[in-house]
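The values are calculated or read from the model by the stated rules, or taken from the named source; none is laboratory data. No experiment lies behind these values; they were computed from the predicted model shown. Glycine also receives a Cβ, built like all others from the backbone with ideal geometry; neighbour counts cover every protein chain displayed.
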Amino acid sequence: MTNHALDLNRRQFLSQMTTGFTGVALAHLLGGETAGATGGRAPQYPGRAKQVLQIFCPGAASHLDLWDYKPELEKRDGEQLPGEEGFSSFQGVNGPLMRSPWPFRAAGASGKMISSMLPGMARHVDDIAFLHSMTSRTNTHGPGCIFMNSCFTREGFPAAGAWVSHALGSLNDNLPAFVAIQDVRGEPPNGKANWSNGFLPAQHQAVAMAAHQPLRNLALPEGVGLGEERDTRDFLALINGRHAERHPGEGELRARIQAYELAARMQLSAPRVADLSLEPAYCQEAYGTRDSNRLKAAYGRNCLFARRLLEQGVRYVSLYCASRASSVDGLLNWDAHRTLKADYERHCPVFDGPTAALLDDLKQRGMLDDVLVLWTTEFGRMPTRQASTQGRDHNPDAFTCWMMGAGVRGGVSYGNTDEFGRRSVEDVCSAYDFYATVMHLLGLDHQKVTYYHNGADRRLTDVHGHVIREVLS
């Protein structure tokens with residue numbers, strides 16, 4: 001069979017070179033404008049936010065030991081949880097109520113009570129909207145992480161960042177629209193499913209990058225100059241463009257071509273974005289990139305990397321602090337079943353300083369006018385300790401997430417848990433409401449950003465969700 005893509009003599013190639021490149025350029029521009037079921041890459045109405053930074057702490061970070069102050073829990077430490085004596089949760093029977101090992105302190109003009117283990121985050125409480133009444137549909141880490149990222153407990157559905165990429169595209173032609181920055185300790189539970197494109201076109205999956213994992217294969221092969229490399233890419237663009245024109249209905253083909261073209265452009269742009277040595281010493285110090293605690297230093301470098309990606313127009317950045325579960329509870333993530341005090345005295349210093357420095361930096365640079373910051377985890381912890389331990393079991397009935405930045409009213413707390421933090425009881429909300437609000441802030445109606453798949457118009461929030469207007473500025 002004749003390979004028409006390569007069936008070009010020299011005269012034909014030279015005569016068609018100008019129109020061919022114009023066509024490729026036009027196809028790229030049109031691809032950026034028309035891709036997506038929403039009919040375009042502009043917001044559906046003027047949104048307050050243009051970009052999203054999502055900080056995710058896998059392992060179910062305890063609301064009761066970080067954000068959700070419960071005086072009654074302190075008073076009744078050691079007593080049985082009223083009405084749930086002998087309650088069995090994820091890992092079995094629960095023991096008595098257990099107060100937080102650390103005191104909470106009032107912070108900011110709002111007087112928000114926050115754990116004394118988070119002194120850096122305490123200075124930002126007046127800019128944060130806390131959602132204290134979150135609930136999940138699962139008490140298992142893998143499905144819980146996926147649910148908090150995609151609103152589905154099963155794999156195969158697009159992450160929120162993929163939906164935003166699908167709806168709005170990128171703000172930079174040389175970098176991905178969606179980047180996932182994994183922790184130096186490894187991937188979160190269920191790994192890449194947390195930033196999957198699901199059934200959306202392949203170009204909407206996040207590109208996994210990290211300060212400790214620079215992109216591979218960026219250097220030119222030995223003996224190949226920049227001019228030769230550029231000419232090769234131009235010729236490939238011509239061939240790919242002609243091939244795509246002959247197969248107009250193959251979305252996956254176009255997605256693959258776009259992915260290769262993006263990879264080629266990233267050869268020039270990504271190394272500079274990832275070069276943290278360009279940052280001044282005072283900035284490195286603030287983020288803790290050279291801290292003696294290697295985990296804090298690694299996370300600090302990822303925080304700085306996240307800021308640099310946002311500066312360059314990456315639409316959605318998912319930043320992970322901790323990773324998967326391990327054979328030792330609470331060693332690699334926030335899953336403190338047995339030794340909560342020791343576990344969180346390891347995790348909180350890693351998280352607190354670099355995250356607070358990142359928020360300081362975004363604020364000082366004026367980036368919070370456009371960047372929406374989210375803090376998420378998959379579910380909460382029990383107010384009781386597990387039997388024969390000093391840790392807390394899983395609790396899908398109550399946990400905290402928060403928002404900050406573009407369009408968010410700071411210094412507020414939405415919803416509430418009961419007096420022990422066991423269940424969400426006031427203005428109960430879920431990932432559906434959380435992302436309906438995120439989409440709204442981006443200028444998108446979560447009910448109208450859809451994609452036809454397997455006989456249904458799918459959307460991020462499934463058939464649920466309402467905008468939490470109480471946290472909007």
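In segment 329-365, how many are under 16 Å from I128 (Cα atoms), crowded, with 22+ Cβ neighbours inside 10 Å and not aliphatic (A, V, I, L, M)?
1
Being among the β-branched types (V, I, T) and assigned to a loop (DSSP other than H, G, I, E, B) narrows it down to one residue among V317, V328; which is it?
Just a single option satisfies the conditions, and that option is V328.
Residue under question is Y435, and the condition is that it be in contact (Cβ under 8 Å) with a residue 24 or more places away in the chain, under 23 Å from the mean Cα position of the chain (by Cα) and within 30 Å of A109 (Cβ to Cβ); does it hold?
Values: in contact (Cβ under 8 Å) with a residue 24 or more places away in the chain: yes; under 23 Å from the mean Cα position of the chain (by Cα): yes; within 30 Å of A109 (Cβ to Cβ): yes.
Answer is yes for this residue.
Pick from segment 208-224 the residues that are surrounded by fewer than 19 Cβ atoms within 10 Å (Cβ to Cβ) and touching a strand residue (DSSP E or B) at 6+ places or on another chain (Cβ under 7 Å): which of them is modelled with the highest pLDDT?
Per the stated criteria, the residue is A208.
Could you pull out every one of the strands (runs of 3 or more DSSP E) wholly within segment 375-451 that has 3 or more residues that are modelled with pLDDT of 95 or more?
Those strands (runs of 3 or more DSSP E) span 399-405, 412-414, 424-426.
Just checking, how many residues over segment 32-59 are over 22 Å from V125 (Cβ atoms) and at pLDDT 95 or above?
Keep residues of segment 32-59 that are over 22 Å from V125 (Cβ atoms), which gives 32-47, 50-51, 58-59.
So of that shortlist, the ones also at pLDDT 95 or above come out as 50-51, 58-59.
Residues meeting the conditions: 4.
Return yes when Q258 is of a type in the set (S, T, N, Q), assigned to a helix (DSSP H, G or I) and at pLDDT 90 or above and no when it is not.
Working: of a type in the set (S, T, N, Q): yes; assigned to a helix (DSSP H, G or I): yes; at pLDDT 90 or above: no.
In short, no.
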